[in-house]
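The values are calculated or read from the model by the stated rules, or taken from the named source; none is laboratory data. Quick caveat: nothing in here was measured; it's all calculated off a predicted structure. Ideal geometry is used to build each Cβ from the backbone, glycine not excepted, and the neighbour counts take in all protein chains shown. Protein only, heavy atoms only, side chains kept; ligands, DNA and RNA dropped before computing areas. Shrake-Rupley method; radii C 1.70, N 1.55, O 1.52, S 1.80 Å.
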Amino acid sequence: MSQSKLITMDEFTIQETRKFPQATGDLSALLRDIGLAGKIINKQVRKAGLVDILGQHGATNVQGEEQMKLDVYANDTLINILKNCTECAGIASEENDDHMSYEDTFSFNSKYVVLFDPLDGSSNIDVNASIGTIFAIYRRVSELGKPCTQADFLQQGRNLVAAGYIIYGSSTMMVYATRLGVNGFTLEPSIGEFCLSHPNMKCPEKGKIYSINQGNSVKYDDGMLSYLSYCMESNKEEGRPYSQRYIGSMVADMHRTLIKGGIFIYPGDKGAPNGKLRLQYECNPMAFIIEAAGGRAVNGNGENILDIRPTELHQRVPVFIGSKNMVDKAMEFVKTKETVA
Ligand code: P6P
């Protein structure tokens with residue numbers, strides 16, 4: 001793309017804001033700050049292996065998972081950048097037990113809260129596979145002028161104002177959705193700016209890729225097993241069998257699903273009926289993005305992820321997400337009668 005055609009994310013968000021005379025530009029400022037955090041995290045991710053930032057931090061997070069040093073670095077970076085941002089009243093993170101209200105009068109009057117998984121897929125750091133940051137932005141429901149409350153962080157996905165991810169892959173990209181649609185920005189390292197590279201992203205209605213950790217199939221129920229058999233058969237209506245792709249990093253698997261189509265699944269199973277992925281800072285933001293791009297996201301009972309009423313900050317939910325036709329087909333096999341989450 002020639003220099004004259006470069007549209008930075010800041011310029012893009014300002015152009016979008018101008019479409020709404022009453023818009024204040026606060027959301028643009030918040031997205032810019034999240035992008036700044038992404039650039040800072042990216043710098044460390046890109047040199048991981050050369051500096052002592054790989055490997056385990058020696059602590060475990062609220063999920064009981066080994067914290068990688070980059071996890072902690074990414075978490076601290078997001079907390080500090082958002083603390084200095086004028087638009088964020090508080091945060092909740094996969095790495096923290098509870099939400100955090102920024103305790104200064106300026107933040108008390110900020111209208112947004114941000115939930116994030118600071119470095120999703122971090123178990124892939126040491127093998128140089130793509131990892132990512134996932135974020136979800138809500139307008140707070142608590143009273144301005146006071147600290148934010150738990151209710152701000154337990155909103156349904158339907159209430160999302162914006163959601164997105166930063167993928168640290170062969171290039172570094174920031175993809176985010178608002179009610180206006182989904183747009184992708186690629187980091188141009190020579191100028192340190194995210195530049196519009198994927199305008200108006202759409203998830204293909206049909207796809208040929210199913211993405212699931214088939215190693216867990218011994219724990220799946222009959223409906224899930226019958227769907228896997230369907231994926232592996234040469235199915236009549238669609239010809240040659242599907243391809244199976246699984247990176248084990250939700251951001252990477254979802255980025256491929258958004259661009260190429262397909263279905264990503266982390267189902268419930270006999271040992272973990274609600275699956276592994278968290279509703280508030282993994283499944284809801286990804287569901288918001290994929291729906292804005294024309295796809296679908298449901299739990300094991302066919303309920304739309306965005307309609308689930310959260311009860312706990314770190315609750316998990318089974319997820320079937322991606323091309324609309326593929327999710328609908330999976331539900332023909334999988335849909336359970338009881339509500340799983
Ligand atoms: P499994 C990474 O640990 C993660 O939270 C997601 O990024 C990823 O989709 C999933 O877990 C992988 O889980 O059980 O297949 O290793």
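Could you check what % of the DSSP bridge pairs in the stretch 3-198 are antiparallel, to the nearest 5?
On the way: 36 of 42 bridges.
Within the stretch 3-198, antiparallel bridges account for around 85 percent of the total.
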Exercise for review: Could you state how much accessible area Tyr266 has, in square angstrom rounded to the nearest 10, with a 1.4 Å probe and all protein chains kept in place?
Suggested key: 40 Å²
Review point. Can you list the trypsin sites (Lys or Arg not before Pro) in the stretch 135-217 that are in a DSSP coil and have 11 or fewer other beta carbons within 10 angstrom?
Key: Arg179
Exercise for review: Report the label-to-label distance for Glu233 and Asp10 in nanometres (one decimal), using points 7 Å from each Cα along the Cα→Cβ vector.
Suggested key: 5.7 nm
Revision key, fill the gap. Trypsin sites (Lys or Arg not before Pro) in the stretch 256-322 lying in a DSSP loop, each with at most 10 other Cβ atoms within 10 Å of its Cβ, come to Lys270
Revision key, fill the gap. Residues meeting the amide H criterion for Glu193 (H placed from the backbone, H to H distance under 5 Å, 5 or more places apart or on another chain) are Glu188
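Report, in listed order, any pair from Lys83/Lys206; Lys270/Lys329; Lys83/Lys335; Lys39/Lys111; Lys5/Lys83; Lys43/Lys335 with a Cα-Cα distance greater than 31 Å. Please list the in-between numbers first.
Working: Lys83/Lys206 41 Å; Lys270/Lys329 22 Å; Lys83/Lys335 42 Å; Lys39/Lys111 24 Å; Lys5/Lys83 34 Å; Lys43/Lys335 43 Å.
Listed pairs above 31 Å: Lys83/Lys206; Lys83/Lys335; Lys5/Lys83; Lys43/Lys335.
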Check your understanding: Of all DSSP beta bridges in the chain, what percent run antiparallel (nearest 5)?
Key -> 80 percent
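Using a 10 angstrom Cβ neighbour count of at most 12 plus a DSSP loop assignment to flag exposed GluC sites (Glu not before Pro), which longest range of the chain is free of such sites?
1-102
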**Study point:** Percent of Cα-Cα distances greater than 24 Å, calculated over the stretch 70-218
**Key:** 42 percent
Review point. Which value, in Å², gives the accessible area per residue of the chain when a 1.4 Å probe is used on the protein heavy atoms?
Key: 43 Å²
Review point. Which value, in debye to the nearest 20, describes the size of the charge dipole of the stretch 209-334 about its Cα centre when Lys and Arg Cβ atoms bear +1, Asp and Glu Cβ atoms bear -1, and nothing else is charged?
Key: 320 debye
Revision key, fill the gap. Listed residues Phe135, Phe108, Phe116; largest mean-square fluctuation, Gaussian network over the chain with Cα springs below 10 Å, found at Phe108
Review point. In whole percent, how big is the carbon plus sulfur part of the accessible area of the chain, probe 1.4 Å, protein atoms only?
Key: 50 percent
